[in-house]
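Taking it in order: structure first as structure tokens, then the write-up.
The numbers here are math on the coordinates, done by the rules we state, and not lab data. Please read these numbers as outputs of a predicted model, since none were measured by experiment. Cβ placement follows ideal geometry from the backbone for every residue including glycine, while neighbour counts extend to all protein chains displayed.
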Amino acid sequence: MWVTGTSATAKDYSRTFYAEATKRCGDRSLFAVEVASNDGTFLRQFQESGHRVLGVDPAKNIAEIANEQGIETWPEFFGRAVAEEITRRYGQADFVFARNVLPHVAHVHDVVSGMGHCLSADGIGAVEFHYTKCIVDGLHYDSVYHEHLFYFSIKSMVYLLERHGLRAFDLIESPISGGSIVLYFSKDKKPRLRALREKLETEAQSGLGLQATWERFAERCFAHRDRLAALVREERVRGGTIIGYGASARSSTLLNLCGINDRQLLCIADQNPLKHDKYTAGTNVPIVPPEVAFSKKPDAVLLLAWNFKDELLALLKSKFQFHGTVITPLPNDPAVIVL
């Protein structure tokens, strides 16, 4: 289970997200509501600046963490009914946002309808999503797994919002997931700003919606699988010991497709204590704290959490004084870094 606050990259980005949101909302006191708020890392930026906040997240253990840290969080699945209860108790929100959750929910129209109901007439909303063009261009096939029911382009997200009377007017790019989009919307019809217009035009010219594009993507996935498996195999033939770093859901897709399991990896390091002493699904690799993983003196690290590469490379060098080979599987071709 992902816990936002375990990532320095996510915490740093939460400050950027807050600045961009308040720039569009104007200089006023806000009531901010987050859908799938996790441990409240992103709401904390609003709260610490004097705004009212409310989070909604269905994971009771994560909601408890947020509540213990002073971020009011309802342990609920967000939808129209929950939105109606929020507005009954607190009134409508000035800023409503959902980060990296809409691809996960089966009842996507219920969630977007709820966001619209929550939002005040002059409020601003935001949805963040792993962008399909980044998935195709960077070969992010590890993001294809059972939790993800939708893969959004900007065009398809704009269409979804419009189905519920919400109009996209601006966007920014996000570093999360290896490449995401934050799309801003409102109830009133604001002029589409240049950033959104240009991205829609680029997307239309890219062939993102063509079947042939995705067939080529599939072919590249299998070629990548063979290259990565060969890199790991070569390291083992040389007698090197390998650990993984980052026991994410997306790493399960990569490990299973590439046939990398407990015969190749001693363990996988992960900073989230909720994952410790568990095993990876289908590949049976033990998940341990990073301190335990590096006590095994590995020769190589398979950087499964490649989307946090800069953060983790710095951690490997500064905290664990790791000297050896780092294999970064994605984006695009696998790469080898020697530390």
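The figures follow:
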| quantity | calculated |
| --- | --- |
| In segment 76-152, the GluC sites (Glu not before Pro) that fall in loop regions by DSSP, at most 11 other Cβ within 10 Å | 147 |
| Nearest-0.05 FRET efficiency for residue 237 and residue 23, computed from C-beta distance (R0 51 Å) | 0.45 |
| When each of 11/133; 187/309; 11/60 is checked by Cα-Cα distance, pairs over 31 Å | 187/309 |
| Over segment 149-274, volume per residue of the alpha carbon convex hull, in Å³ | 160 Å³ |
| DSSP bridge pairs, segment 4-209: antiparallel proportion in percent, nearest 5 | 45 percent |
| Segment 212-338: radius of gyration and largest Cα-Cα distance (Dmax), Å | 14.1, 47 |
| Over segment 51-112: Kirkwood hydrodynamic radius from C-alpha pairwise inverse distances, Å | 12.4 Å |
| Amide H contacts under 5 Å for residue 74, placed H, 5+ residues apart | 55, 56, 57 |
| Relative contact order %, segment 111-220, counting alpha carbon pairs below 8 Å whose residues are six or more apart | 31 percent |
| Proximal aspartates and glutamates to residue 278, defined as alpha-carbon separation beneath 18 angstrom and excluding residues fewer than eight positions away on the same chain | 262, 270, 291 |
| Relative contact order (%) - criterion: Cα under 8 Å, at least six apart; region: segment 4-209 | 16 percent |
| All Cα pairs of the chain, percent lying beyond 33 Å | 31 percent |
| Stretch gain in nm, segment residue 195-residue 221, where the contour uses 0.36 nm per residue and the Cα spacing is subtracted | 6.3 nm |
| Antiparallel bridges, percent of DSSP beta bridges restricted to segment 212-338 (to nearest 5) | 30 percent |
| Rounded to whole Hz, the Karplus (6.51, -1.76, 1.60) HN-Hα couplings of segment 292-309, x for glycine and proline | 5, 4, 7, 5, 7, 6, x, 8, 9, 10, 8, 7, 5, 8, 4, 6, 10, 4 |
| Integer Hz, Karplus 6.51/-1.76/1.60 couplings in order for segment 159-169, x for Gly and Pro | 5, 4, 4, 5, 4, 10, x, 10, 10, 6, 9 |
| Label point distance in nm, residue 47-residue 137, each placed 7 Å from Cα along Cα→Cβ | 3.6 nm |
| Inter-label distance for residue 337 and residue 150, nm, one decimal - labels placed 7 Å from Cα along Cα-to-Cβ | 3.4 nm |
| FRET E, pair residue 205, residue 162, Förster distance 25 Å, beta-carbon r, rounded to 0.05 | 0.70 |
| Pair residue 84, residue 104: separation of 7 Å Cα→Cβ label points (nm) | 2.5 nm |
| Estimated FRET transfer efficiency when R0 is 51 angstrom, pair residue 16-residue 230 (beta carbons, to 0.05) | 0.85 |
| Three semi-axes of the equivalent ellipsoid, segment 27-167, Cα gyration tensor, whole Å, largest first | 25, 18, 14 |
